[in-house]
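Read-outs throughout are calculated quantities, based only on the coordinates presented, and are distinct from any laboratory measurement. For clarity, every value in this text was computed on a predicted model and none was experimentally measured. Ideal geometry is used to build each Cβ from the backbone, glycine not excepted, and the neighbour counts take in all protein chains shown.
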Amino acid sequence: MGVRVVVHEGSRRSLVRRLLPVALAFAAVIAGLALLAPHLRDALGTAPGSPRSGAATHPLYYTGPVESRCALPADREADVTATLRALIPCLDRTWTAALAAAGYEYEPPEEVNLIDTPENAGCGTEDYDWAGIYCPDIHSVNVLVEDDWSFTSMFTLAHEYAHHVQEITGIAAQSGPEVFDEAWSRRLELQADCLAAVTLRGIDPQGLMVLRAHSVEDENAITQRQTHGSARNSAIWIHRGQDSGTIGACNTWAAPADEVS
Ligand SMILES: [Zn+2]
């Protein structure tokens, strides 16, 4: 039960600026996922994401709207890396305040790598199909910097930061009688999408709208869906995070199965 999940992000690299509607291609690889046989699952009882699970009743869900105070470059497209570099301390400040509201002390990631090749990431260097990756064991955030639209990379960075928060607050803790399967992964990923929207809603609401409206699934979408949830559900959770601005709106762990499919 102690197998760690290494979370790989879907590539969102197919954005073509001159063609609208914008197409966001998703592709994902997931490794190290613990899959258990159904009979074993039944014997263990508690399903991941059930209201009994600790992740569904976390103190963070009872805090108010998250505030983000950011100073990003006026022209975000001129230098996407510089834009992301400016977003990093903003996300740290945002999460420091948000966690303090629930009595948690925030610790920044050990490293944030803005890279142009997966080989320079803190993990996932064997795979070449992610746009961002969080390495829970070493608290390492990694984002492949994409040149076509800064918001794509900003969202990926915010999503990986959300994984860091899930990790340091115990939401992603893999202990107890839960089953860590693809359904567990989808709740984790859709929550990270929602939390990314919570932290970016005050920075670029229009970007979030475009992301939601134009997300489409590509031919690799079956893998993506199994581990990250459908594009439709992703858009729904992003919308919830953007609308409410609260962590409580991102409680995928208490959501019915069809909202995390
Ligand atoms: Zn993720």
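Overview of values
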quantity	calculated
Whether region 138-177 is rounded, prolate or oblate, judged on the alpha carbon gyration tensor where a/c under 1.5 counts as rounded	prolate
Ranked by how many other beta carbons lie within 10 Å on average, peptides 183-190, 207-214, 112-119 from highest	183-190, 207-214, 112-119
Computed lengthening from Glu259 to Asp79, 0.36 nm per intervening residue step minus Cα-Cα distance	61.1 nm
